[in-house]
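Novice: What follows is a single structure, and I will ask about it in a moment.
The values are calculated or read from the model by the stated rules, or taken from the named source; none is laboratory data. Because the structure is a prediction, the values reported are computed rather than measured. FYI the Cβ positions are ideal-geometry reconstructions off the backbone, even for glycines, and counts take in every protein chain you see. Accessible surface is based on the protein model in full, side chains and every heavy atom, while ligands, DNA and RNA are left aside. Shrake-Rupley method; radii C 1.70, N 1.55, O 1.52, S 1.80 Å.
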Amino acid sequence: MLTAIQPGTIAIGLSTLFAVGFCHQKAYSKQFDASNVTQDNIYANTKIIEKFNFGSKSDGSFYRHKFTFESNDTSHVMATMNRENPGGNKSKDDIRADIWIESSKQDRLLEISSLPAPLFSEIQKLETVITSSGDAADIFVPRSAKSNPVAKPFPVALMLQGANVDKSHYSEYAKVVASYGFVVVIPNNLRLWPLPPPAPTTTGYYPELKLINEVWNFIKDPAVSPVAEVINPDQLVLLGHSLGGAAGLNAVQGGCSIPKCLYGEFKQPEALVAAVFYGTHLKPYTGGPVPPINNDTIPTALIFGEKDGRSFPEKTKETYQQLGSPTKMLISITGANHFGLTNSNAPNNPGNTPAVVPAIIQDPKVQDIPQSLAIKTIGTWTALFLRATVLEDPMALDVIFSGAGDKVDNNVKVMMQNPSP
C-alpha cells in the first residue's frame with residue numbers, strides 16, 4: 001500500500017508492507033536524492049519477502065520505479081531500486097524519495113563503498129620465548145600509523161595454530177590483523193597428543209587450553225614481555241586455525257564440552273572478549289550432532305573456505321548454529337581451501353622444525369583464489385569483526401552489521417549474522 005504521492009517526490013510506506021505478520025524494529029525515515037544513490041541495494045533487518053511495483057508522475061513526465069524486497073536467509077532483506085525515464089523531459093535528478101526501512105542500523109549504508117583500510121603501514125616482528133612453557137613465539141606489533149595515531153594500548157590477539165603447522169606459516173595473516181591495531185602473538189606449542197587407543201600417542205605442534213593463560217600472563221608481565229607497555233591488559237581475543245580453532249571454541253565456553261578432553265583443563269581469563277576462527281568445527285569424529293556451545297557474551301566469528309577439503313563447510317555451518325552468543329558471524333571465502341590463511345597454500349614446515357613433529361596434512365582440494373588475496377581477505381574480515389565487537393569502531397560496525405560488507409567485497413559471503421541489539 002502506498003502513502004500519498006506528491007509531485008516530484010516518492011513516499012514509500014514500507015512499514016505498511018512489513019507490519020502484517022512480522023515483528024520488526026523501530027522504523028525511521030531515510031531521505032536521499034535519487035541521483036546520488038551510489039549502490040543499488042538497501043538492506044533491512046527483517047524476514048519478510050515481498051515484491052512491489054509502482055509509478056509516479058512528475059510535471060507530466062512518467063517515471064517508473066521498481067522496488068523488489070527479497071531475502072535468501074533470515075538475516076536481512078534486499079531492496080533493489082530500478083529507475084526508468086521513458087521519454088520524459090524532466091531530469092530524474094530532481095526526484096527525491098522518502099524510504100522507510102525496518103531497521104535502526106541503516107543510517108550510513110548508502111555511504112559504504114569499500115572496506116575500511118588498515119590503520120598501520122609498518123608492522124614489527126619480535127621473537128620471544130614464553131617463560132612458563134619454553135614455547136617459542138612470534139609477536140607482530142603495529143608501529144607506524146597511516147594517518148592519525150590510533151589510541152593505544154592494543155588488544156592482544158593470540159593465534160592457536162593448526163595441527164603441526166609451524167608459527168611461521170601465519171606471519172602474513174598476522175601482519176594483516178596487526179595492521180588494524182592488534183598485537184598478534186603466535187606460539188609454537190610442542191606437546192604430547194594422547195590419541196585414544198589403539199592410535200599411538202604423538203608429539204607435535206598441537207593446541208591446548210592452558211597455553212592461553214600461559215601466553216596471557218607472559219604478555220602482560222613487564223619483567224619479561226617485550227610488548228607489555230603497548231598492550232591492553234583487559235582485552236584478549238583468540239584466533240585459531242583448524243585444530244586451533246576447535247581448541248578456541250572450547251575456550252570461549254570456559255572449557256571442554258566433552259569428557260576426556262584432549263585440550264586439557266582451563267580457567268577462562270576475564271579479559272577474553274572475542275574470537276575468530278578459520279577452517280574449524282566441533283562436529284564429533286564419532287558422528288552425532290555438534291553440542292551446544294555456551295560462549296555466553298563472547299562475540300565469535302567462524303570463517304571458512306568454500307573449497308575446504310579438511311574441515312568441511314557443512315560442519316562449520318552446523319557448529320555456527322550451536323554458538324550461543326547473540327553476536328556471531330559466519331563468513332565464507334570464495335574459492336579458498338583449508339590453508340587460505342597460511343603463507344603458502346601447500347605449507348611445509350621449515351628445516352629447523354623438531355624431528356618429532358609430523359608433516360602437515362595437505363588439503364586435497366585445489367584453491368581457486370590467489371593465496372595473497374585469500375590471506376588479505378581472511379585477515380581483513382578477522383580484524384574488522386574484532387574492531388566492531390571489541391573496540392566498537394563505527395566504520396567496522398557499519399561494514400560488519402549493516403549487511404553491506406560482502407556487497408563491496410566479492411571474495412566473501414556473510415552467510416548468517418546476528419548483531420547485538
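Novice: Can you tell me the dipole magnitude for the range 303-420 around its Cα centre, using point charges on the Cβ only (Lys, Arg +1; Asp, Glu -1), in Debye to the nearest 20?
Specialist: Values: 10 positive and 11 negative charges, 35 e Å.
I would put it at about 160 debye.
Novice: Still on this model: How much net charge surrounds Val176 when only other residues with a Cβ under 13 Å from its Cβ are counted (Lys, Arg +1; Asp, Glu -1)? Show your work: numbers first, answer last.
Specialist: Values: positive: Lys175, Lys376, Arg387; negative: Glu172.
Summing Lys/Arg as +1 and Asp/Glu as -1 gives +2.
Novice: Now for a separate question. In nm, what is the difference between 0.36 nm times the number of residues separating Val408 and Gln362 and their Cα-Cα distance? It would help to have the intermediate numbers written out before the result.
Specialist: On the way: separation 46, 0.36 × 46 = 16.56 nm, distance 3.14 nm.
Extra length available between Val408 and Gln362 comes to 13.4 nm.
Novice: Hull surface divided by four, with the convex hull built on the Cα atoms of the range 270-344: how many nm²?
Specialist: On the way: hull surface 23.0 nm².
In nm², the orientation-averaged hull projection of the range 270-344 is 5.8.
Novice: Here's a follow-up. What does the range 317-377 give for Rg and for Dmax, in Å, if only its C-alpha atoms count?
Specialist: 15.3, 44
Novice: If you don't mind, there's one more thing I want to ask. With 5 Å bins from zero, work out the P(r) of the range 149-203 over every alpha carbon pair and list the percent per bin.
Specialist: Going out from 0 Å in 5 Å bins, the range 149-203 shows 4, 17, 21, 17, 13, 10, 8, 5, 3, 2, 1, 0 percent.
Novice: Additional query: Can you work out the accessible area per residue across the range 349-413, with the rest of the protein chains kept in place, probe 1.4 Å, in square angstrom?
Specialist: Working: 2890 Å² over 65 residues.
Result: 45 Å² of accessible area for each residue.
Novice: Let me check the size of the range 133-253 from its C-alpha atoms; what are the radius of gyration and Dmax in Å?
Specialist: Gyration radius and largest Cα-Cα distance of the range 133-253: 15.2, 58 Å.
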